[in-house]
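Have a look at the structure below before the remarks.
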Amino acid sequence: MEQRRTFSGLLSGAVFLVAVLVIASFSACTRQEGRPIPLATVMAFKPGTTTEKEVLKKLGPPESKQMLLGEELWTYRHVLHKGFASVNTRVHVLRLRFDDRGILQSVEQKDRKYQSLF
């Protein structure tokens, strides 16, 4: 009978350990959408001189392109989700506006952080 209790205690301890390891691994989950947008690369873009071709070479194709009053608006977005039960989300959006000749006219960046609990 004593042997049975010891085995039962070991089994429940092992189950507890596995549960803790599973929960710990979920809390470190990271998921991302889009590609990171390097700040140094963006800082090198100069309105009035940087071309669409140069941007494509540095960042690749944008997530979206829109026409706005004869100009083209390119949007790049990188979203990083960290955690499982408590999720920290960072959203970095970069918008580049080009004239009809393909010359960069403006650069706009937004960086937001959110936290949510499940």
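From the Kirkwood radius over Cα pairs of segment 30-117, Stokes-Einstein at 25 °C and 0.890 mPa s returns a whole-number translational diffusion coefficient of 176 µm²/s. Shown for I103, I37: other C-beta atoms within 10 Å of each C-beta, ranked fewest to most, produce the order I103, I37. Counting only Cα atoms, the size of segment 62-111 along its three principal axes is 48, 15, 14 Å, in decreasing order. Taking segment 30-117 as the region of interest, the number of lysine pairs whose Cα atoms are within less than 26 Å, with members eight or more places apart or on different chains, is 14. Taken along the Cα-to-beta-carbon direction at a fixed 7 Å, the label points for M67 and V91 span 2.8 nm. Fewest neighbouring Cβ atoms within 10 Å first, the residues L39, L104, L96, L68 line up as L68, L39, L104, L96.
A short reminder: the numbers here are calculations on the coordinates, not readings from a lab. Since the structure is predicted, the reported quantities are computational estimates derived from the model, not experimental observations. Here the Cβ is made from the backbone with ideal geometry for all residues, glycine too, and neighbour counts use every protein chain on show.
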